[in-house]
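> Quick one: structure below, then a few questions.
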Amino acid sequence: KLLIDWMSDNSITDTLIKAETPQGWKVIDKSGSGDYGARNDIAVIYPPNRKPIVMAIMSRRTEKNAKSDDAMIAEAAKRIFDNLVF
């Protein structure tokens, strides 16, 4: 319970999958980053009255010192949410 609370109440990942999650859905996620502008977010998403969805998104650049792009992760999440069929 404590781990779930920590992961769902943090604001560090608000610009990633959470940025495009439909209102009223709960998100528990963990993000990471690395060389080559690598950025990732993996989430368990709880739509109301539905089973949870697991989503993992990772992006990477070609230059070792490139900066990561949170907006790219959010855009990928938006495209997934826009095309979900229950």
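> From the phi angles alone, apply the Karplus equation (6.51, -1.76, 1.60; θ = phi - 60°) to the range 72-83 and give each ³J(HN,Hα) in whole Hz, x where the residue is Gly or Pro.
Using θ = phi - 60°, the values come out as 5, 5, 4, 5, 4, 4, 4, 4, 5, 4, 5, 10 Hz.
> Show that you can apply the helix-only estimate: for the chain, add -39,500 (n - 2.57) for every DSSP H stretch of four or more residues, divide by all residues, and state [θ] at 222 nm to the nearest 500. List each step's numbers first, then the result.
On the way: 2 runs with 21 residues, N = 86.
Helices in the chain give a 222 nm mean residue ellipticity of -7500 deg cm²/dmol.
> Follow-up. Which parts of the range 45-84 would a label at Asp35 reach, counting a residue when its backbone N lies under 20 Å from a point 7 Å out along Cα-to-Cβ?
58-69
> If you don't mind, there's one more thing I want to ask. Within the range 51-65, name every residue whose backbone N is under 14 Å away from a label modeled 7 Å from Cα of Ile12 along the Cβ vector.
none
> Sort 4-14, 67-77, 26-36 for me by packing, meaning the mean count of neighbouring Cβ atoms within 10 Å per residue, highest on top. Mind showing how you got there, number by number?
On the way: 4-14: 12.1, 67-77: 17.1, 26-36: 15.4.
The most tightly packed comes first, giving 67-77, 26-36, 4-14.
> Can I ask one more? With each label point set 7 Å from Cα along the Cα-Cβ vector, what nm distance links Thr62 and Asp82?
Distance between label points: 2.6 nm.
Just so you know, all these numbers are worked out from the coordinates, no wet-lab data involved. As the structure is a prediction and not an experimental result, all values here were calculated from the model. Ideal geometry is used to build each Cβ from the backbone, glycine not excepted, and the neighbour counts take in all protein chains shown.
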